[in-house]
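Notes follow once the structure below has been shown.
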Amino acid sequence: MSLTKTSRGALIPALFIVAVSGIAFFSCNSAEGDEQAGKESESQPIKIDTTKIPDSKFGTAVKYGRQLMLNTAYYIGPNGIKGKFLGNKMSCTNCHQDAGTKLFSFNLMKSHEDYPQYRAREGKILTLAERVNNCVMRPHNGKPLPLDGEEMVALLSYFKWINSFVPKGDPFKGQKNKSIDLPTTAASPERGQLLYGRHCERCHGKDGEGMLQKNQLTYLYPPLWGPEGYQPGSSMHRNIKQAQWLKTNMPYDKASADAPFLTDAEALDIASFVNSDDIHKRPNPKNLDYPHAGEKAIDYAHQPFVDPFTEKQHRLGPWQPIIDYWNSKGYTPTY
Ligand code: HEC
Ligand code: HEC
């Protein structure tokens, strides 16, 4: 079951559609939820029914929060009608699909209960509002929303409301993206370029520039690199992280969680091409992240490291030797 087509239908012609409902499946697995294959028989349907948003002041904030997710740049983009916060015209839903409710697509249904949380990238505890602003600043290349402003309050209200559809406590299947097998050889941006031409270019364009909607305010196909794309400090710029998402979500019209289109190795090749900074320019290339090198995600390819591997190997793999080294030294490898 894929929610993609319904939400796309809503996104393209109708900027103001509020109600998009769909059925998702979850199962209450242990912490390694998405690693545990074969548990889907335990799945129960969850219905996200936006017609159930309460008719109250809180409900009004939830609805606005949902609209902000779906048409972010329309409201707060470079020419936004409610404020000019984003540096580009992407919408949150371009990555957190179906306004953060699609499974295996950087799902946000648990975020409300998962914060405040220690974040290794910043080396400190962040509130959910601060975490939202990280995405406003990095993938959207913008300036932070005021923490008590109408937009932030609406987004937090929306996250609280979607959280009410998932069981408390345990992670659910689809909260995290699908895991991928890491190949024993390095990813190849050259192969990735060929695959990009075959599977991605028809929507995202030859130069990764994407295509704006007719209103010129938001994207029909969001950009993948260049001045309008996400910053290198975004999580999407990490190759394993991106490949895990591509596997079940791209090409947009062909991939689904039940039937991934790209192989794991192809997804890594393509991500390594999309994220090649020596080929593609991005806004704000400075990186001052992960104050503690032993907490760095292994596909975050910037010195200093606690291991002897090169930036290139952190970027392209093979990653297993890095993982083995980290385990042998008592560090916890994450990606
Ligand atoms: C270019 C893609 C992209 C865009 C656009 C984007 N995000 Fe994110 N966001 C991510 C990625 C990747 C993560 C990290 C997820 C992970 O670590 O698994 C993330 C994480 C988050 C988290 C933390 C989730 C959690 O539970 O830890 C929140 C909240 C969030 N984003 C909100 C937003 C909002 C609100 C917007 C729009 C203003 C937005 N994002 C736009 C890619 C994006
Ligand atoms: C049929 C058109 C289509 C094809 C083909 C396609 N995409 Fe997308 N892509 C989209 C749409 C539409 C979105 C936004 C999703 C949404 O808003 O729900 C998107 C979003 C993305 C994003 C996150 C947002 C951003 O711009 O950073 C990435 C990354 C991405 N696609 C990469 C790829 C890659 C890599 C391929 C090839 C394997 C691919 N896409 C193929 C339509 C397409």
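The values are calculated or read from the model by the stated rules, or taken from the named source; none is laboratory data. This structure is a prediction, so every number in the text was calculated from the model and none was measured. Cβ: placed from backbone, ideal geometry, glycine included. Neighbour counts: every protein chain shown. With ligands, DNA and RNA removed, areas are computed over all heavy atoms of the protein, side chains included. Shrake-Rupley method; radii C 1.70, N 1.55, O 1.52, S 1.80 Å.
Observations on the model:
- Counting the residues of the stretch 116-129 that are open to solvent by 30 Å² or more (accessible area, probe 1.4 Å), more than 8 Å from ligand 1 (Cβ to nearest atom) and in contact (Cβ under 8 Å) with a residue 12 or more places away in the chain gives 4.
- Note on the stretch 148-160: residues that are free of Cβ contacts under 8 Å to residues at least 40 places away in the same chain and crowded, with 17+ Cβ neighbours inside 10 Å total 1.
Let's see how each residue does on (1) within 12 Å of ligand 1 (Cβ to nearest atom); (2) assigned to a loop (DSSP other than H, G, I, E, B); (3) buried (at least 20 other Cβ atoms within 10 Å of the Cβ); (4) free of Cβ contacts under 8 Å to residues at least 24 places away in the same chain:
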site: LYS168; (1), (2), (3), (4): no, yes, no, no
site: LEU194; (1), (2), (3), (4): no, no, no, yes
site: CYS203; (1), (2), (3), (4): no, no, no, no
site: GLU209; (1), (2), (3), (4): no, yes, no, yes
site: GLY226; (1), (2), (3), (4): no, yes, no, no
site: LYS247; (1), (2), (3), (4): no, no, yes, no
site: SER256; (1), (2), (3), (4): no, yes, no, no
site: ALA259; (1), (2), (3), (4): no, yes, no, yes
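A quick yes/no check of all residues on (1) farther than 25 Å from ILE76 by Cβ; (2) outside the structural domain of PHE104 (by TED's automatic domain parsing); (3) touching a Phe, Trp or Tyr at 6+ places or on another chain (Cβ under 8 Å):
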position: GLY169; (1), (2), (3): yes, yes, no
position: SER179; (1), (2), (3): yes, yes, no
position: LEU182; (1), (2), (3): yes, yes, yes
position: GLU201; (1), (2), (3): yes, yes, no
position: TRP245; (1), (2), (3): no, yes, yes
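- Screening LEU86, LEU103, LEU145 for residues that are open to solvent by less than 40 Å² (accessible area, probe 1.4 Å), part of a loop (DSSP other than H, G, I, E, B) and more than 16 Å from ligand 2 (Cβ to nearest atom) leaves exactly one candidate, LEU145.
- So GLU113, is it surrounded by fewer than 22 Cβ atoms within 10 Å (Cβ to Cβ) and within 10 Å of ligand 1 (Cβ to nearest atom): yes
- Scan of the stretch 272-310 for residues that are of a type in the set (A, V, I, L, M, F, W, C) and over 27 Å from LYS329 (Cβ atoms), ordered by number: PHE273, VAL274, ILE279
- The stretch 176-196, residues that are farther than 17 Å from HIS314 by Cα and of a type in the set (Ser, Thr, Tyr): SER179, TYR196
- Note on the stretch 161-186: residues that are over 30 Å from ASP49 (Cα atoms) and within 21 Å of the chain's Cα centre (by Cα) total 3.
- When the stretch 138-165 is filtered for residues that are within 12 Å of ligand 1 (Cβ to nearest atom), touching an Asp or Glu at 6+ places or on another chain (Cβ under 9 Å) and of a type in the set (A, V, I, L, M), only LEU145 remains.
- Against the numbered list (1) in contact with a helix residue (DSSP H, G or I) (Cβ under 8 Å, 6 or more places away or on another chain); (2) open to solvent by less than 40 Å² (accessible area, probe 1.4 Å); (3) polar (S, T, N, Q), ASN134 comes up short only at (1).
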